[in-house]
Each structure stands twice: as structure tokens, then as C-alpha cells.
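Reading through the C-alpha cells given below for one structure.
Nothing in this text is a laboratory measurement; each read-out follows from the coordinates by a stated rule. This is a predicted model, so every value here is computed, not measured. Note: ideal-geometry Cβ built from the backbone for every residue, glycine included; neighbour counts use all protein chains shown.
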Amino acid sequence: MILVSQCLSGDHCRWDGGTNLIPEIKALVDRGLAVAVCPEVLGGMSTPRKPSECFEGRVVNSNSEDVTEYFCRGAEAALQIYCENACEYAVLKSKSPSCGFGLIHNGKFDGGLVPGNGITAQLFLDHGIRVMTEQEYLAQET
């Protein structure tokens, strides 16, 4: 079992109500080989919602509101689901303030990227969980 970002499985849980469907990941969920979670929704945020980015150790939305608490709560809930399902690793949405791994948006809402990890990705790493982006997952499958 693996844990995947819910938007990658085709669910409309992105900040804008959209999806980041990756058919190969949806197939894993459909076959019962993966569990899909959206930490932002688990943390109590609605869909759609204002876009958010990490900035100076916090998560802020495009209205400059601090939404870090939602992201932390969602990360903890995702970790619990990971453990309850005895997952082996996580495939998380790249660049996301929750799930981004290696590179995340820079907090200026200009499309720029900086080295770093989203709140959930970092919590998983802190617990020794193997994390990869959807691109890394697809590259290993080919």
C-alpha cells in the first residue's frame, strides 16, 4: 500500500477545485493498492480555497492570511492514515505547500520555486517515510 496525494488520483480537491489526475496513480487507488489523501482538506480547508504558499516558515494564502494551522493539522491526519494503512512510501504532489518535495512555490504567488518541502512532506520525512513526487514515481515505473 502506498499513500498518494488525492488530487493525483483525479479527485477535485485542488485549491481551485481542479485535479492533477495521473492515470497511473488513479489506477493504483482503484485497484486498492494506494490510499489517497488531501492534507489541506483533512486539515479543515474547503474546496475551492485561496491558493497558499510557504513563506518564512509559515503557510499564507493569497490574502496574506496565516493558514499554517490547517496545514499542520492536515499533515498530522495524513501521517495517521499512512500509519493505519501500513503504507510503504508516499507519492505527493510536487511544488505544493502541503505535499511538495524538493521544490515548493516561493511564497510570492509569482510561480517562482525555491528549495524546500511542504508541511506534510516534511512531517513524513521527519518520521523516516520515503517521499517522492509524481514525476519521480512515473520515472521509476518506466
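By counting other Cβ atoms within 10 Å of each Cβ, how are Cys72, Cys38 ranked from fewest to most?
Lowest count first: Cys72, Cys38.
Taking amide H atoms as placed 1.01 Å from N in the peptide plane, list the residues 5 or more away in sequence, or in a different chain, whose amide H sits under 5 Å from that of Asn20.
Residues meeting the criterion, in which the H sits 1.01 Å from N, are Leu8, Gly10.
From the phi of every residue in segment 98-115, what ³J(HN,Hα) in whole Hz does the Karplus formula 6.51 cos²θ - 1.76 cosθ + 1.60 yield, where θ is phi - 60° and glycine or proline is x?
Result, rounded to whole Hz: 8, 9, x, 9, x, 9, 9, 4, 7, x, 9, 6, 10, x, x, 10, 9, x.
Convert each backbone phi in segment 44-49 into a coupling constant with the Karplus relation 6.51 cos²θ - 1.76 cosθ + 1.60 (shift: θ = phi - 60°), then list the ³J(HN,Hα) values in order as whole Hz, x for Gly and Pro.
These are the phi-based 3J(HN,Hα) values: x, 7, 8, 10, x, 8 Hz.
Tell me, what ³J(HN,Hα) does each residue in segment 118-126 have, in order and in whole Hz, if you take phi through Karplus 6.51 cos²θ - 1.76 cosθ + 1.60 with θ = phi - 60° and put x for Gly and Pro?
3J(HN,Hα) across segment 118-126, in whole Hz: x, 4, 5, 4, 5, 4, 4, 4, 4.
Could you calculate the contour length gain from Thr142 to Arg58, that is, 0.36 nm times the residue separation minus the distance between their Cα atoms, to one decimal place in nm?
Here the answer is 26.6 nm.
Long-range amide H contacts for Ile104: which residues qualify at under 5 Å (H placed 1.01 Å from N, peptide plane, sequence gap of 5 or more or a different chain)?
Val114, Gly116
Can you give me the C-alpha center-to-center distance between segment 84-142 and segment 21-64, rounded to a whole angstrom?
11 Å
For Thr68, what is the net charge nearby, where nearby means another residue's Cβ is under 15 Å from its Cβ and Lys, Arg count +1, Asp, Glu -1?
Local net charge: -3.
Please compute the net charge surrounding Gly44, taking Lys and Arg as +1 and Asp and Glu as -1 over other residues with Cβ under 9 Å from its Cβ.
Once positives and negatives cancel, what remains is -1.
Can you pull out the GluC sites (Glu not before Pro) in segment 66-126 that DSSP calls coil and that have at most 16 other Cβ atoms within 10 Å?
Glu88
About the Cα centre of segment 1-138, how large is the charge dipole given +1 on each Lys and Arg Cβ and -1 on each Asp and Glu Cβ? Please answer in debye to the nearest 20.
Rounded to the nearest 20 debye, it is 160 debye.
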